[in-house]
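Chemist: Submitted below is the structure of interest, expressed as structure tokens.
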Amino acid sequence: MLLFYLVQNRIVMLLNIALKQEYFYSKFANSDMKQARGADVINSISGTAKEIEQKYFFGITDIVQFVFNVVASAIVVVETNLILGIIYLLLSALTLIPSYIGKKRMNEKTEKWNKSNSQLIQAMKDIFEGRLEILNFGVRHLFFKRFDRILVNEEDKYRKMNNCQFQVQFIAWLISLVTLLLPIFIGLLFMQRGWFNVTVAAIITLSLSADRVVGYLRTIALYQTQIHSTDAIRKIKSYNFEESESVKQDNHDSQAILKIKDLSFSYGDKKILDGINLTLRDHDKIIVTGASGIGKSTLINCIANNLKYNGEITFAGHQINPADFIKISQRIWLFQGTMRENLSLLQNIPDDLMLHEAKKMGLIHEFGNDFLDKLISDDANNLSGGQAQRLALVRGLIRSKKIYLLDEICSSLDPKNSDAIHKIIYQLPAIVIEIAHNYNPQLAQENKVQVYKLIDAKLQKQNYIEQ
């Protein structure tokens with residue numbers, strides 16, 4: 001028994017590792033670029049995976065154990081009296097029927113509960129993230145009322161799911177009761193008529209042995225019901241990283257031309273981008289301006305393949321892919337770890353290169369010579385917005401891509417630091433597309449940076465003095 005539990009725990013551990021890997025990789029590959037949230041992944045791994053572990057992995061391994069017990073007990077039953085033993089076993093097998101009949105209904109109840117549970121988690125997340133606004137506007141009672149309604153709905157769905165499971169188990173118990181008593185009456189009938197050498201001793205032995213079989217089969221039926229309850233949550237979307245990770249970039253391609261042809265994008269019936277055409281050659285740099293919410297960031301996200309668009313975007317003769325560009329936005333992603341880890345992103349990048357670019361951004365002056373070993377706290381609370389922005393720029397600059405997509409990268413910087421950074425950017429041997437609400441027209445003109453303005457879903461070339 002001890003050996004079984006040790007082996008079982010080892011198997012479940014390996015299955016858990018594989019499950020959580022698949023959940024994580026699938027979420028990473030299939031999450032919407034604009035709405036991907038770490039909380040969803042955490043919920044899947046900590047909640048859903050734990051439910052699968054308890055009801056599916058342990059269920060399957062326990063069933064294996066009980067199947068061996070059933071086989072051993074069945075051998076005893078058949079050896080006691082072949083005909084009556086077979087009758088016992090056939091009737092005992094009926095206890096498995098309810099779990100198969102109730103499988104579909106159980107899946108439906110489980111799926112409804114999973115949906116309501118996700119809504120509850122989202123409601124709690126929304127309330128805590130908007131706590132200050134909720135208190136400021138005096139709407140706490142309204143949001144609590146909404147939360148209570150969602151909570152009651154979630155618990156009701158959970159109750160119905162459990163009720164369905166209990167109903168299936170109860171029917172299985174009733175059948176097991178019948179299968180336990182009916183063979184006794186059949187055995188007494190056989191004994192009365194002198195059929196198949198049935199004796200009182202055989203009936204008693206078979207009843208005791210068959211009781212074990214029925215008990216084991218009832219347990220198997222219970223595990224089957226639990227296993228079927230996980231059918232909906234065990235569906236993991238397929239994923240494929242090969243295309244984006246296998247493409248190698250050629251930084252020495254003299255024909256590296258970025259072509260945007262008939263690019264269009266809409267949110268519902270609203271046109272955001274309409275028939276945009278643009279050709280940029282190696283080292284070309286442009287600034288795209290426009291009113292807030294006009295679609296400047298949408299343009300960048302289309303080029304970065306973060307949105308589904310109509311039209312064609314190619315670079316160096318192939319469809320643009322993540323190996324071609326670096327995208328830096330005002331929303332900075334930094335994780336808990338050292339500066340070195342956040343800049344290298346765990347790649348093998350020489351310290352000298354990182355220090356060289358960090359020095360140009362003024363980060364060595366601010367953090368000291370041990371800059372790379374400095375720790376970034378959770379949520380980067382020990383960095384200012386400007387420092388985080390410059391770290392993101394260093395992260396991009398050390399990778400020497402052929403295209404840089406920059407979305408409001410200097411929004412957290414003062415004009416002096418912004419100009420200093422732009423002088424570095426304008427000297428990059430790469431195509432640069434920058435989204436900027438404000439820019440230095442003199443600096444742009446000195447570096448031959450072309451300015452475009454997004455108006456009525458179309459790009460219009462501007463003079464440097466036009467902002």
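Chemist: When you take every Cα atom in the chain, what is the radius of gyration, and what is Dmax, the widest Cα pair distance, in Å?
Modeler: That works out to 33.2, 112 Å for Rg and Dmax.
Chemist: Also, I was wondering about something else. Explain nothing, just the number: relative contact order of the chain, from Cα pairs under 8 Å at least 6 residues apart, as a whole percent.
Modeler: The value is 16 percent.
Chemist: Please report, to two decimal places, log10 I(q)/I(0) for segment 101-211 at q = 0.17, 0.21 Å⁻¹ as given by the Debye formula with identical point scatterers on the Cα atoms and no solvent.
Modeler: Each listed q maps to, in turn, -0.86, -1.03.
Chemist: Between residue 185 and residue 30, what FRET efficiency comes out of the Förster formula 1/(1 + (r/R0)^6) with R0 = 45 Å and r the beta carbon distance, rounded to 0.05?
Modeler: Calculated value: 0.20.
Chemist: Sum -39500 (n - 2.57) across every DSSP H segment of at least 4 residues in the chain, then divide by the residue count to get the 222 nm mean residue ellipticity, nearest 500.
Modeler: Mean residue ellipticity, 222 nm, calculated: -18000 deg cm²/dmol.
Chemist: Can you pull the Kirkwood radius for segment 2-228, inverse mean 1/r over Cα pairs, to one decimal in Å?
Modeler: This gives a value of 21.3 Å.
Chemist: Please report the antiparallel percentage of the DSSP beta bridges confined to segment 250-462, to the nearest 5.
Modeler: 55
Chemist: Next question. Where does segment 250-462 land on Rg/Rh, using Cα atoms and the Kirkwood Rh?
Modeler: Using only Cα positions, Rg/Rh for segment 250-462 is 0.97.
Chemist: For segment 250-462, what is the relative contact order in percent, using Cα pairs closer than 8 Å and at least 6 residues apart in sequence?
Modeler: About 30 percent, as a whole number.
Chemist: So how strong a dipole does segment 2-228 carry about its Cα centre when Lys and Arg Cβ are +1 and Asp and Glu Cβ are -1, to the nearest 20 debye?
Modeler: For segment 2-228, the charge dipole is close to 500 debye.
Chemist: Right, something else. What Kirkwood hydrodynamic radius, in Å, does segment 196-347 give when the mean of 1/r is taken over all pairs of distinct Cα atoms and then inverted?
Modeler: 22.0
Chemist: Among 440, 348, 332, whose Cα sits farthest toward the positive end of the charge dipole of segment 250-462 (+1 at Cβ of Lys/Arg, -1 at Cβ of Asp/Glu, about the Cα centre)?
Modeler: 440
Chemist: For residue 101, project a label point 7 Å along Cα to C-beta. Then give me every residue of segment 150-186 with its amide nitrogen under 13 Å of that point.
Modeler: What the label zone holds, given the 13 Å backbone N cut-off, is 167-176.
Chemist: Moving on to the next point. Antiparallel as a % of all DSSP beta bridges within the chain, to the nearest 5?
Modeler: Of the beta bridges lying entirely in the chain, close to 55 percent run antiparallel.
Chemist: How big is segment 343-406 along each principal axis, measuring the range of its Cα positions in Å and listing the largest first?
Modeler: 32, 24, 22
Chemist: Less than 13 Å Cβ to Cβ from residue 399, Lys/Arg counted +1 and Asp/Glu -1: what total charge do the surrounding residues give?
Modeler: +2
Chemist: What is the sum of charges, Lys and Arg at +1 and Asp and Glu at -1, for the other residues whose Cβ falls under 13 Å from the Cβ of residue 52?
Modeler: Net charge in that neighbourhood comes out at +1.
Chemist: Taking Cα centroids, how far is segment 403-447 from segment 283-308 in Å?
Modeler: 15
Chemist: OK, next. Sketch the reach of a paramagnetic label on residue 261 as a point 7 Å from Cα along Cα-to-Cβ, and name the residues of segment 290-332 whose backbone nitrogen lies under 15 Å away.
Modeler: 310-320
Chemist: Under a crude label model (7 Å from the Cα following the beta-carbon direction), how far is residue 204 from residue 136 in nanometres?
Modeler: 8.3
Chemist: Which of the trypsin sites (Lys or Arg not before Pro) found in segment 323-355 are loop residues per DSSP with 13 or fewer other Cβ atoms within 10 Å of their Cβ?
Modeler: 331
Chemist: Using +1 at the C-beta of Lys and Arg and -1 at the C-beta of Asp and Glu, which of 454, 298, 364 has the Cα lying farthest in the positive direction of the dipole of segment 250-462?
Modeler: Going by the Cα projections, it comes out as 454.
Chemist: Using a simple charge model, +1 on the beta-carbon of Lys and Arg, -1 on the beta-carbon of Asp and Glu, nothing else, what dipole does the chain show about its Cα centre, in debye to the nearest 20?
Modeler: 1140
Chemist: Continuing with the same structure: So for 205, 279, fewest C-beta neighbours within 10 Å to most, what's the order?
Modeler: 279, 205
Chemist: Also: Sort segment 183-243 into rounded, prolate or oblate with this rule: let a ≥ b ≥ c be the square roots of the eigenvalues of the Cα gyration tensor; rounded if a/c is under 1.5, and if a/c is not under 1.5, prolate when a/b is larger than b/c, oblate otherwise.
Modeler: Verdict is prolate for segment 183-243.
Chemist: Compute the FRET efficiency between residue 71 and residue 170 as 1/(1 + (r/R0)^6), taking r as their Cβ-Cβ distance and R0 = 30 Å, and round to the nearest 0.05.
Modeler: 0.65
Every number here is computed from the coordinates shown, using simple stated rules; none is lab data. All values reported here derive from a predicted model rather than from experimental measurement. Note: ideal-geometry Cβ built from the backbone for every residue, glycine included; neighbour counts use all protein chains shown.
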